[in-house]
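Following: one structure in structure tokens, then a few remarks.
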Amino acid sequence: MKQSERKMRADMWPVYVINMADNVARMQSCTSALNALGIPFERFEAVNGRALSDAKASAVYDADANQRMFRLPLVRGELGCYLSHIELWRRIAAGNADGAIILEDDFTASPHFPQVLAALIADQDPWDMVKLFARRRNKVMLNRRNLCDGFEIARPYQIPNTTLGYVIRRDAAGRLLARSAPFARPIDEDHKRFWEHGLDVRLVMPPPLSLNADLQHSDTIQATRKSLRGGSLAVKLKQGLRNFKYRFIYLTALHVNRLRGR
């Protein structure tokens, strides 16, 4: 066993895998992958957004703010996803460990994943969250430096759209928890706006996680999104304008805040 792997096991932060009760195949895949890598973990029962009462959904989701702040109404699966992460932030903030690793159940892990986690846990740089996956790897990166053999850590100019896997420190979980609900955007869209939540978000490169393509057919959020597409030309044009406005406002705020050194 490598020294980095021994250290990871001795000083390990808790690892949580978010999994819906009916996604048995996904959980089996995660269990096999993490067991093979020697990474202890705990399965976390995902919040089923489809089972939320209207009253509960209204309490956590601000539909009026969504009209102003995002390009699409949130579907119930997105509510459940956000609430699952909120519950884990609550557990992490109240726990004894200095941080934790949160994984969604459709990942594939690099053989070097234990080494990356050990390096992040030992790292003394004052980041708040480190993303472990990015769909696009050619983004502009700031403050690149070596993390461990074969991997770097950097501040991405634009935070990746994903919550497939990330490392979060305990105080950061508490800060996100304090401002988490009601929400109006998907969780990964909120993560992108570092100027709103004040967190220092980094990315490991190359990402030690990737999407498990064999499990993507069971993505209920994307399936629901596809079922809602359509409508008249006027409706599509209106949606296109809303998408453009959303993107313009986001990119303007991003560039302004990066120019300010944030």
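May I ask you to evaluate 6.51 cos²θ - 1.76 cosθ + 1.60, the Karplus curve with θ = phi - 60°, for each residue of the stretch 244-254 and list the ³J(HN,Hα) values in order in whole Hz, giving x for glycine and proline?
5, 4, 4, 5, 4, 5, 4, 5, 4, 5, 4
Please work out which option in (i) 18.8; (ii) 19.4; (iii) 21.0 gives Kirkwood radius over Cα pairs in Å calculated from these coordinates, and answer with its label.
(ii)
Placing unit charges on C-beta atoms (Lys and Arg positive, Asp and Glu negative, everything else neutral), compute the dipole magnitude of the chain about its Cα centre in debye, rounded to 20.
The calculation lands at about 1160 debye.
Considering only DSSP states other than H, G, I, E and B, which trypsin sites (Lys or Arg not before Pro) in the stretch 78-170 qualify as loop sites with at most 15 other Cβ atoms within 10 Å?
Arg135, Arg136, Arg137, Lys139
Under the rule of at least 5 residues apart or a separate chain, name every residue whose amide H is placed under 5 Å from the amide H of Glu152.
Leu147, Met205
Given the chain, what percent of its DSSP beta bridges are antiparallel, to the nearest 5?
60
Percent relative contact order of the chain, based on C-alpha pairs within less than 8 angstrom and at least six residues apart?
Here the relative contact order equals 24 percent.
Output ³J(HN,Hα) for the stretch 78-95: one whole-Hz value per residue in order, computed from phi by the Karplus curve 6.51 cos²θ - 1.76 cosθ + 1.60 with θ = phi - 60°, and x for Gly and Pro.
After applying 6.51 cos²θ - 1.76 cosθ + 1.60, I find 5, 5, x, 4, 4, 5, 5, 5, 4, 5, 5, 4, 4, 5, 5, 4, 8, x Hz.
Can you count the Lys pairs in the chain whose Cα atoms are under 28 Å apart, with each pair 8 or more apart or on different chains?
19
For a quick check: with amide H placed at 1.01 Å from N, whose amide H comes under 5 Å from Arg43's, ignoring anything fewer than 5 positions away on the same chain?
So Arg43 has HN proximity to Val17.
List the residues whose amide H sits under 5 Å from the amide H of Gln158, counting only those 5 or more places along or on another chain, with H placed 1.01 Å from N in the peptide plane.
For Gln158, the qualifying residues are Val140.
May I ask you to evaluate 6.51 cos²θ - 1.76 cosθ + 1.60, the Karplus curve with θ = phi - 60°, for each residue of the stretch 159-172 and list the ³J(HN,Hα) values in order in whole Hz, giving x for glycine and proline?
5, x, 7, 5, 10, 4, x, 7, 9, 9, 7, 4, 5, 5
Among Phe113, Ala154, Ala25, flag the residue with its Cα farthest along the positive direction of the charge dipole of the chain, charges on Cβ as +1 for Lys/Arg and -1 for Asp/Glu.
Projecting each Cα onto the dipole axis, the largest value belongs to Ala154.
Here, each number is a calculation from the coordinates, and none is a lab measurement. None of the values given here were measured: they were computed from a predicted structure. Cβ coordinates were reconstructed from backbone atoms using ideal geometry, including for glycine residues, and neighbour counts include every protein chain displayed.
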